[in-house]
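Participant: Before I ask anything, let me first share the structure, which is written out below as structure tokens.
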Amino acid sequence: MANLLHRVTTRDIHKMSVGQVYYTGWCDDEGKMIDDGTVARLDETTFRLTAAEPNLRWLMMNAVGLDVEISEVSDSVASLSLQGPNSRKILNRVCESNLDGLKYFRLMTNKLGGVEVTISRTGYTGDLGYEIWMDSKDAIKVWDALMETGEDYGITPVGILALDMARVEAGLFMLDVDYTSSGHAWIESQKSSPFELGLDWTVALDKPGYFVGRKALEKDAEVMRREGSAWKMVGIEIDWVGMEELYAEVGMPPQVPGTAIRASMPIMVGGVQVGYASTASWSPLLKKYIALAHLQKPYYELGTDVRMEITVEHQRKHAPAKVVKLPFYEPEWKKK
């Protein structure tokens, strides 16, 4: 199985230890992103791949000539994400084995409320967090145990609307929102390379052997070394005072949506569009209006002054903003 995942992802899977988790993307032959997710090494020969969309057919096509068994376990395996600064305290109270020694992007087997589970120190937020994996028939039992134990810590169930805001704070993108799968793209300009999405650290061009998209990615990497990337995903922070002034012109206070905005919002410099924001959100944690943006060279450099299009009482305006480093939020305890 390691040979297949080594072939289809950009990471060096053969370097993975049992109990380790990799975040990775996977590309087509032209080096354009198909999807992204995690690979967990459960034992010497068993791996679990998570993805935003079904990839079974693509995996089967790339498994030709390899002695592997691929199973779709979406219906039989349940997953629950427990995120936040108190997540470890809650798990330590309800689990049989202590989690203090579980490192970032590692996993362990454990018992939670008497149920056999696998717990990975992973998540889709910028905070300390864990994902709990179990047989789907045990999901309600695990849920109940966590809710009961977490009551003293103010545990709260949340859905995709809250998660959307948290993942923007963490600088994490979403398929078909912040980038388009090459399999869905209508035109070439809709496709993205891992380098444009800031995933150069996941592309192991020094790993041995063939992997899908290798030649194209090697060429892209060479161009980047010489000229830099043509596009780059960055964070932008909208200036609150500047936005307030735009609303004051029509006698209104700033109107900030209570959920993340998944829409294409043009980014301007000097009256010329230089990119677009793909997700914008008010950050309840940082008390700032932030966005994930795709900008052309050289406007993605940190500190660049830009303007993001907003709608003020049915009129298009441009609020001042600045390019900032991602992630917006990453506390020191996230990886400790």
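Participant: Would you work out which of Ser136, Pro208, Asn3 lies farthest towards the positive end of the dipole of the chain? Charges go on Cβ: Lys and Arg +1, Asp and Glu -1.
Facilitator: Result: Pro208.
Participant: Right, another one. Mind checking the dipole of the stretch 217-336: about its Cα centre, +1 per Lys or Arg Cβ, -1 per Asp or Glu Cβ, Debye to the nearest 20? Provide the component values of the computation, followed by the final result.
Facilitator: Working: 16 positive and 15 negative charges, 86 e Å.
For this selection, approximately 420 debye.
Participant: Follow-up. Amide H of Leu286: which non-local residues (sequence gap of 5 or more, or other chain) have their own amide H closer than 5 Å, using H built in the peptide plane?
Facilitator: none
Participant: Could you list, in their original order, any pairs among Lys103/Lys325; Lys191/Lys232; Lys32/Lys215; Lys89/Lys288; Lys103/Lys141; Lys232/Lys322 whose Cα atoms are separated by more than 18 Å?
Facilitator: Exceeds cut-off: Lys103/Lys325; Lys89/Lys288; Lys103/Lys141.
Participant: Work from the charge dipole of the stretch 272-315 (Cβ charges, +1 for Lys and Arg, -1 for Asp and Glu, about the Cα centre) and give the residue of His294, Ser283, Gln273 farthest towards its positive end.
Facilitator: Of the options given, the answer is Ser283.
Participant: Tell me, what HN-Hα J-couplings in whole Hz come from the Karplus equation 6.51 cos²θ - 1.76 cosθ + 1.60 at θ = phi - 60° for each residue of the stretch 262-275, using x for Gly and Pro?
Facilitator: Residue by residue, the stretch 262-275 yields 9, 7, 8, 10, x, 10, 10, 9, x, x, 10, 6, 10, x Hz.
Participant: Dipole of the stretch 2-160, Cα-centred, from +1 at each Lys and Arg C-beta and -1 at each Asp and Glu C-beta, to the nearest 20 debye?
Facilitator: The dipole magnitude comes to about 460 debye.
Participant: Report the accessible area of Glu30, computed with a 1.4 Å probe over the heavy atoms of all protein chains in place, in Å² rounded to the nearest 10.
Facilitator: Glu30 has an accessible surface of roughly 110 Å² with all protein chains in place.
Participant: Give the long-range amide H neighbours of Leu172: residues separated by 5 or more places, or on another chain, with amide H under 5 Å away, using H modelled in the peptide plane at 1.01 Å from N.
Facilitator: none
Participant: Could you give each residue of the stretch 171-183 its phi-based ³J(HN,Hα) in whole Hz, using Karplus coefficients 6.51, -1.76, 1.60 with θ = phi - 60°, and x for Gly or Pro?
Facilitator: So the J values, rounded to whole Hz, are x, 9, 8, 10, 4, 6, 10, 9, 8, 9, 4, 4, x.
Participant: From the gyration tensor of the Cα coordinates in the chain, what semi-axes in whole Å does the equivalent ellipsoid have, largest first, with each one equal to sqrt(5λ)?
Facilitator: They are 35, 29, 16 Å, listed from largest to smallest.
Participant: Using every Cα-Cα pair within the stretch 152-291, state what percent have a distance larger than 25 Å. Could the numbers behind the result be given before it?
Facilitator: Working: 4191 of 9730 pairs.
The share of Cα pairs beyond 25 Å in the stretch 152-291 comes to 43 percent.
Participant: Where does the stretch 53-163 land on Rg(C-alpha)/(2.2 N^0.38 Å)?
Facilitator: 1.21
Participant: What does the extension gain come out to for Phe105 and Leu80, with contour length at 0.36 nm per residue minus their alpha carbon separation?
Facilitator: Extra length available between Phe105 and Leu80 comes to 7.4 nm.
Participant: Please name which of Thr118, Ser71, Leu102 has its Cα lying farthest along the dipole of the stretch 62-119 towards the positive end, using unit charges on Cβ (Lys, Arg +1; Asp, Glu -1) and the Cα centre as origin.
Facilitator: Leu102
Participant: Could you run the Karplus curve 6.51 cos²θ - 1.76 cosθ + 1.60 with θ = phi - 60° over the stretch 49-58 and give me ³J(HN,Hα) per residue in whole Hz, x for Gly and Pro?
Facilitator: 9, 9, 8, 5, 10, x, 10, 4, 4, 5
Participant: Please express the shape of the stretch 58-118 as an equivalent ellipsoid: the semi-axes are the square roots of 5 times the eigenvalues of the C-alpha gyration tensor, given largest first in whole angstrom.
Facilitator: Semi-axes from the Cα gyration tensor: 32, 13, 12 Å.
Participant: Per-residue ellipticity at 222 nm for the chain, helices alone: DSSP H runs ≥ 4 residues times -39500 (n - 2.57), over residue total, nearest 500 deg cm²/dmol?
Facilitator: -6000 deg cm²/dmol
The values are calculated or read from the model by the stated rules, or taken from the named source; none is laboratory data. Because the structure is predicted, anything quoted here is derived from the model rather than measured. Please note: Cβ atoms are built from the backbone with ideal geometry, for glycine as well, and neighbour counts cover all protein chains shown. Keep in mind that these areas ignore ligands, DNA and RNA; they rest on the heavy atoms of the full protein, side chains included. Shrake-Rupley method; radii C 1.70, N 1.55, O 1.52, S 1.80 Å.
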